[in-house]
Amino acid sequence: MIEGARFGCEGVSLSLGGRQILKNVALAVRGGEMLGLIGPNGAGKTSLFEVLSGRYVPQRGEVFLNQQPLGKLDIFQRARRGVARTYQSPVVPNSLTVGEVFRAARKAYPPYMSVHDAEWAARLVGLEVSWSRLAGTLDTFDRRKLLLACLMMRRPQVLLMDEPASGLINTEIAELDLLLRKLVDEYHIAVILIEHRLELLGAIADRIVVLDLGAVIAEGDPETVFKDPKVRAAYFEGAA
Ligand SMILES: Nc1ncnc2c1ncn2[C@@H]1O[C@H](COP(=O)(O)OP(=O)(O)OP(=O)(O)O)[C@@H](O)[C@H]1O
């Protein structure tokens, strides 16, 4: 684990259905740092998020928060400790209003959050829709903002984001970039971001980790990593 890391894992190996999906994976992220996680399709990025968030139990390895092993804590217990996660698909409860979604998130577990916390989070993420709108009528970006606001209300220590720009248009991606940098720079959150668009990561990530066939093949600042011949062979040429 790197010195001062807020969150990460060591020696993680995962098999699913008799296939080895992750092999001895280690990574770490500091508070106030954005770590980009890239790799070709099927490299194991989402599976690694499942391990980090506590949905999958690895055969070997450990996940750490503030240098403490999280052991067998499940996804809900990790969420309560400040490990927040977003998904590739922004699924919201269609028949609830925005206000009702916030209410459910506020009361999801103690300590219950106030309406002011929800209003603060909505402002933070730039969610500017009426709270009487049905969540199912929101467009993709507003759904993502609503779900992110529900997480931010609890002031998470770590944010695991699985392709947050997916389904967004360019102006929305530019707004998302600014928001993510704000969460990292001003709120000192440790962010791990899965993203296929390398130009986006090159612009906003502090460091990059590259997974290929379940193993880390490169790690470092974006410029160095994108030039690495191993990365070019596995990612750029493989993705072409
Ligand atoms: N529940 C499962 N059972 C068996 N194999 C699985 C399961 N989930 C994922 N896999 C396999 O694990 C490998 C890694 O999948 P994963 O979704 O983690 O990759 P990824 O890097 O996130 O890919 P993508 O960029 O396409 O989302 C793939 O070969 C996938 O088919």
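Hey, quick one: spin label on GLU10, modelled 7 Å out along Cα-Cβ, who in region 27-48 has an amide N within reach, i.e. under 11 Å? Counting only backbone N, you get 27.
Evaluated over the Cα positions of region 90-155, the convex hull gives a direction-averaged projected area, one quarter of its surface, of 3.8 nm². Global dimensions of the chain from alpha-carbon coordinates: Rg and Dmax equal 17.7, 52 Å. With all pairs of different C-alpha atoms in the average, the Kirkwood value for the hydrodynamic radius of region 114-206 is 13.8 Å.
Bridging of LYS23 to lysines at a Cα separation below 27 Å is possible for LYS45, LYS72, LYS227, LYS230, once same-chain residues fewer than 8 apart are set aside. Under 5 Å between amide hydrogens, built in the peptide plane, is the criterion, and for ARG60 it picks out SER13 among residues at least 5 positions away or on other chains.
Among ARG123, ARG106, the ranking by other beta carbons within 10 Å of each residue's beta carbon, starting with the fewest, stands as ARG123, ARG106.
For the chain, set up a Gaussian network in which alpha carbons nearer than 10 Å are linked by springs, and say which option among ARG207, ARG19, ARG133 fluctuates the most. So, out of ARG207, ARG19, ARG133, the one fluctuating most is ARG19. Among GLU33, GLU219, GLU186, the largest mean-square fluctuation in a Gaussian network model of the chain, built with springs joining Cα atoms closer than 10 Å, belongs to GLU186. The modelled label-to-label distance for the pair ASP74/TYR109, using points 7 Å beyond Cα in the direction of Cβ, is 1.0 nm. Computed over neighbours whose Cβ is under 9 Å from that of VAL98, the net charge equals -1, Lys and Arg +1, Asp and Glu -1. Using the alpha-carbon atoms, what tilt in degrees (0 to 90, nearest 10) does helix 115-125 show relative to the longest principal axis of the chain? With rounding to tens, the tilt is 50 degrees.
The residues neighbouring ARG85, those whose beta-carbon lies less than 11 Å from its own, together hold a net charge of 0 under the Lys/Arg +1, Asp/Glu -1 convention. Taking θ as phi - 60° and the Karplus parameters 6.51, -1.76 and 1.60, the scalar couplings of region 151-168 work out to 6, 5, 3, 8, 6, x, 8, 9, 10, 9, 10, 9, 6, x, 8, 5, x, 9 Hz in sequence order, x denoting glycine and proline.
The stretch between ASP185 and SER95 holds 28.9 nm of extra length on full extension. This uses 0.36 nm per residue minus the Cα-Cα distance.
All of the numbers you see were taken from the coordinates with simple rules; none came from a lab. If you're wondering where the values come from, they're calculated on a predicted model, not measured in any experiment. Every residue, glycine as well, gets a Cβ built from its backbone with ideal geometry; the counts of neighbours run over all protein chains shown.
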